[in-house]
1. For the range 23-85, which fully contained helices (runs of 4 or more DSSP H) count at least 2 residues that are among the acidic types (Asp, Glu) and out of contact with any Cys (no Cβ under 7 Å at 6 or more places or on another chain)?
2. Within the bounds of the range 92-101, is there any residue that is among the polar types (S, T, N, Q), in contact with a Leu (Cβ under 9 Å, 6 or more places away or on another chain) and modelled with pLDDT of 95 or more?
3. I'd like the residue in the range 102-137 that is basic (Lys, Arg) and assigned to a loop (DSSP other than H, G, I, E, B) and, out of all such residues, is modelled with the highest pLDDT.
4. Quick one: in the range 139-156, which of the residues that are modelled with pLDDT of 75 or more and surrounded by 10 or more Cβ atoms within 10 Å (Cβ to Cβ) is nearest to residue 4 (Cα to Cα)?
5. Given (1) in a loop (DSSP other than H, G, I, E, B); (2) more than 13 Å from residue 62 (Cα to Cα), identify the lone condition not met by residue 91.
6. Taking residue 19 as the residue in question, decide whether it is within 17 Å of residue 73 (Cβ to Cβ), of a type outside the set (A, V, I, L, M, F, W, C) and at pLDDT 95 or above.
7. Taking the stated definitions as given, is residue 4 without any contact (Cβ under 8 Å) to a residue 40 or more places away in the chain, within 16 Å of the chain's Cα centre (by Cα), within 20 Å of residue 113 (Cα to Cα) and outside any strand (DSSP E or B)?
8. Sort through 12, 98 and tell me the only one that's surrounded by 16 or more Cβ atoms within 10 Å (Cβ to Cβ) and under 24 Å from residue 126 (Cα atoms).
Amino acid sequence: MSEGWFFEDLSVGQKASFGKTITEADIVLFAAVTGDTNPMHLNAEYARDSVFGERIAHGMLAAGLITKVMGTQLPGPGTIYMSQSLRFRRPVRIGDTVTATVEITELNAAKSRASLRTVCTVRGEPVLEGEALVAVPSRAALAVRAAAAAAAEAAE
């Protein structure tokens, strides 16, 4: 693989992060893609009377930054989500810079799976926390697939 990690190269404690400032456009586009048009996210007048006093970003918009880290950095390309738990701690507002961090907490060599701690922060404070389980590409599986492909080609 040109980027990311094979399962055999991972170790408990490895971390990767990505930060993004949430914009008005992000919220509108997320609402359009998901169909979540909750006025808490889109209507300033409605949100003004809420517990937050202003519009907030969709919680899953912030959570989506976790998938960016896992799919492109750690473990990286080829990673497949198996499960994810999330606990939302604080709202994310327009203009907040959200930093998503994943940390490997456990490795299952028999299944080439990794457990990760996932957290998104704003100004160092957690806005969401959770745990994820992912399947990670392995060199061993890649070698088996390559050998099978070569055998199939030779048989033709």
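1. On the way: elements: 24-34, 39-42, 44-48, 59-72.
The helices (runs of 4 or more DSSP H) meeting that bar are 24-34.
2. Our first condition is that a residue be among the polar types (S, T, N, Q); within the range 92-101, this holds for 97, 99, 101.
Still in the list and also in contact with a Leu (Cβ under 9 Å, 6 or more places away or on another chain): 99.
Then drop every residue that is not modelled with pLDDT of 95 or more, which leaves 99.
Yes, the range 92-101 contains at least one residue that is among the polar types (S, T, N, Q), in contact with a Leu (Cβ under 9 Å, 6 or more places away or on another chain) and modelled with pLDDT of 95 or more.
3. First, pick out the residues of the range 102-137 that are basic (Lys, Arg): 111, 113, 117, 123.
With the extra rule that they be assigned to a loop (DSSP other than H, G, I, E, B), the set shrinks to 111, 123.
Numbers: 111: 95, 123: 98.
So, considering only residues that are basic (Lys, Arg) and assigned to a loop (DSSP other than H, G, I, E, B), the one modelled with the highest pLDDT is 123.
4. My answer is 139.
5. All conditions are met except number (2).
6. Numbers: within 17 Å of residue 73 (Cβ to Cβ): yes; of a type outside the set (A, V, I, L, M, F, W, C): yes; at pLDDT 95 or above: yes.
It is true that residue 19 is within 17 Å of residue 73 (Cβ to Cβ), of a type outside the set (A, V, I, L, M, F, W, C) and at pLDDT 95 or above.
7. On the way: without any contact (Cβ under 8 Å) to a residue 40 or more places away in the chain: no; within 16 Å of the chain's Cα centre (by Cα): yes; within 20 Å of residue 113 (Cα to Cα): yes; outside any strand (DSSP E or B): yes.
Considered against the rule, which asks whether it is without any contact (Cβ under 8 Å) to a residue 40 or more places away in the chain, within 16 Å of the chain's Cα centre (by Cα), within 20 Å of residue 113 (Cα to Cα) and outside any strand (DSSP E or B), residue 4 comes out as no.
8. Details: 12 fails: surrounded by 16 or more Cβ atoms within 10 Å (Cβ to Cβ).
Exactly one of 12, 98 is surrounded by 16 or more Cβ atoms within 10 Å (Cβ to Cβ) and under 24 Å from residue 126 (Cα atoms), namely 98.
The values are calculated or read from the model by the stated rules, or taken from the named source; none is laboratory data. Because the structure is a prediction, the values reported are computed rather than measured. Cβ atoms come from the backbone with ideal geometry, glycine included; neighbour counts cover every protein chain shown.
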